[in-house]
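Novice: I am attaching a structure below and will ask some questions about it afterwards.
The values are calculated or read from the model by the stated rules, or taken from the named source; none is laboratory data. If you're wondering where the values come from, they're calculated on a predicted model, not measured in any experiment. Neighbour counts are summed over all protein chains in view; Cβ atoms, including those assigned to glycine, are modelled from backbone coordinates with ideal geometry.
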Protein chains: 2
Amino acid sequence: MIETFLLRCQQRINRLLMQQLSYTMDVPERLQRAMSYVVLNGGKRIRPALIYAAAEALNLGWHKLDSVACAIELIHAYSLVHDDLPAMDNDDFRRGQLTCHKAFDEATAILVGDALQSMAFEVISRDEFLPAEQRIQLIQILAKAAGAAGMVGGQAMDLAATNRQLSLTELCTIHEFKTGALLKACIEFPLALCHDKRPVEMALLGYAQAMGLAFQIKDDLLDYAQAIEKQDNQEPSYALLVNYSQTEQKLHELYQRALNELQFFGQEADYLRGLAEFIIKRTQ
Amino acid sequence: MIETFLLRCQQRINRLLMQQLSYTMDVPERLQRAMSYVVLNGGKRIRPALIYAAAEALNLGWHKLDSVACAIELIHAYSLVHDDLPAMDNDDFRRGQLTCHKAFDEATAILVGDALQSMAFEVISRDEFLPAEQRIQLIQILAKAAGAAGMVGGQAMDLAATNRQLSLTELCTIHEFKTGALLKACIEFPLALCHDKRPVEMALLGYAQAMGLAFQIKDDLLDYAQAIEKQDNQEPSYALLVNYSQTEQKLHELYQRALNELQFFGQEADYLRGLAEFIIKRTQ
């Protein structure tokens, strides 16, 4: 049952994040409170789940992936905080809660994001379960996925695309950077810890790419009804560029592609299969 | 001549930063341009100079410190970009140039800062002159100095102190985190690469602490005239809390303390001595 697996991942990562956030001595109280507010917010923890599912497929102990699972959630959390700022998406609510700059203030929200990013790299660098050589590889993967040639680059492309007509190819490129880069990193992390990864590397990266795009398209579909209503917003979305049924079909194709990539795996990849299904069928 | 040394550091670091910024394939053009704009802006490069001066004192090759010298400037640059944002200090100019959010836009400025922070960690993680073990130590030092228990923590304290009367102790604590943490890291980096650092560690860290505080007090003194004019601003400063001549005296004491810490070094610490003098005597 993928739901049981997801719950197990959520509980594990929430416990780990709580530990990390309580380590932060010397941190001003309000900053600390704001950091906890945005990190421990009941997120779905899809990214850590993807990491642990790939660890299962590669027969790696979960404890080796704990620090990157924390790090990826810290990066994801920081990106949401900065994304919600008035100068960016200007959102007042996220998951029914006030966004950080509304619950605290804008300056604090900027600093919270900045501090969470530093913390992500610090957590991996201090992981004593892994030799230094592996920690460095994980940090390289994270820095590239999070930075100007990854997630932040995608956000910059998104920004440049506001109020402009996009082609489907352009939209997919934005998705690939903005959302896909971090999701791909979730698969690259466990791969980096494998001794003989070549036979499975292409398959798992293919899975990651298909799922990354599927994830964002599903998000777009969930926003579809709203997107139609507020045409003035002009937020580019897959469902606005092609029609609804074509989008659903594309989603199904991506799901099939993800499953095909996993065909040479046995039941050790069942969590990856389950997550793929969960991602395209979720209702929120 | 400390000026010759500073010039040599500036030229070296500017060349290295330019190389790093040109590596960034896959980066959207406008983001890339904004990153270069804020990094290659004619800064004094005091932090890299401090790193190389400490390398001299410890008899380490400069090439081993190149990646941290880049990283510290990337972190410094990102912090200035976010600091200048309307929600923070709301500055339109820096060193006579438009600030990033004025030259580009606010959203881009947020993303530029975020991308530069990722890049700082990436640069160290990819440094092939150093074994993985040392790269990890350097990343740990940087993450702590930059994050919630360092620079960002100091900015949060500064924020909390606006429009409130501060004691001299509180003000020094803010300085220690906001400016001191990165300056201390400049000394910690070369120390981390030393095999037998114990005999000199305390001395160099004592030097770093004295110079960190002196650096910020000198900044305050340079702002003094302006600070008196716009009392409404309420930006806390050392010179506003005690009087001018007392502040100058404190600065001289810190300079003496820094020199005393270096008393068991020979001429290999002359650059550190020269930088201390430069920092307290500079006119901008």
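Novice: Looking at A:TYR52, A:TYR37, which one is crowded, with 23+ Cβ neighbours inside 10 Å, of a type outside the set (A, V, I, L, M), touching a residue at least 60 places away in the same chain (Cβ under 8 Å) and touching a helix residue (DSSP H, G or I) at 6+ places or on another chain (Cβ under 9 Å)?
Specialist: Exactly one of A:TYR52, A:TYR37 is crowded, with 23+ Cβ neighbours inside 10 Å, of a type outside the set (A, V, I, L, M), touching a residue at least 60 places away in the same chain (Cβ under 8 Å) and touching a helix residue (DSSP H, G or I) at 6+ places or on another chain (Cβ under 9 Å), namely A:TYR52.
Novice: Can you say whether A:GLY150 is at pLDDT below 95 and crowded, with 24+ Cβ neighbours inside 10 Å, as far as the supplied structure shows?
Specialist: So A:GLY150 does not fit the description; no.
Novice: Still on this model: Looking at the structure I just gave you, is B:ALA181 part of a loop (DSSP other than H, G, I, E, B) and closer than 22 Å to A:VAL112 by Cα?
Specialist: no
Novice: Within the stretch A:24-59, take every residue that is part of a helix (DSSP H, G or I), farther than 30 Å from A:PRO199 by Cα and of a type in the set (Ser, Thr, Tyr) and give me the one that is nearest to the other protein chains (Cβ to nearest Cβ).
Specialist: Filtering the stretch A:24-59 for residues that are part of a helix (DSSP H, G or I), farther than 30 Å from A:PRO199 by Cα and of a type in the set (Ser, Thr, Tyr), the one nearest to the other protein chains (Cβ to nearest Cβ) comes out as A:SER36.
Novice: If a residue must be over 21 Å from B:ALA276 (Cβ atoms) and without any contact (Cβ under 8 Å) to a residue 40 or more places away in the chain, how many such residues does the stretch B:178-211 contain?
Specialist: Residues in the stretch B:178-211 being over 21 Å from B:ALA276 (Cβ atoms) and without any contact (Cβ under 8 Å) to a residue 40 or more places away in the chain: 3 in total.
Novice: If you go through the stretch A:159-184 one residue at a time, how many are more than 18 Å from A:ASP83 (Cβ to Cβ) and small (Gly, Ala, Ser)?
Specialist: Qualifying residue count for the region: 1.
Novice: Can you pull out the residues in the stretch A:67-102 that are touching a residue at least 40 places away in the same chain (Cβ under 8 Å), surrounded by fewer than 23 Cβ atoms within 10 Å (Cβ to Cβ) and charged (D, E, K, R)?
Specialist: Residues satisfying the conditions are A:ASP83, A:ARG94, A:ARG95.
Novice: Quick one: in the stretch A:60-119, which of the residues that are assigned to a helix (DSSP H, G or I) and acidic (Asp, Glu) is nearest to the other protein chains (Cβ to nearest Cβ)?
Specialist: Within the stretch A:60-119, the match that is nearest to the other protein chains (Cβ to nearest Cβ) is A:GLU106.
Novice: Which residues, counting only those in the stretch B:5-50, are β-branched (Val, Ile, Thr) and under 20 Å from the mean Cα position of the chain (by Cα)?
Specialist: Scanning the stretch B:5-50 gives B:ILE13, B:VAL38, B:VAL39, B:ILE46.
Novice: Taking into account only those residues within the stretch B:120-135 that are at the interface with chain A (Cβ under 7 Å from one of its Cβ atoms) and of a type in the set (Asp, Glu), which is surrounded by the most Cβ atoms within 10 Å (Cβ to Cβ)?
Specialist: B:GLU122
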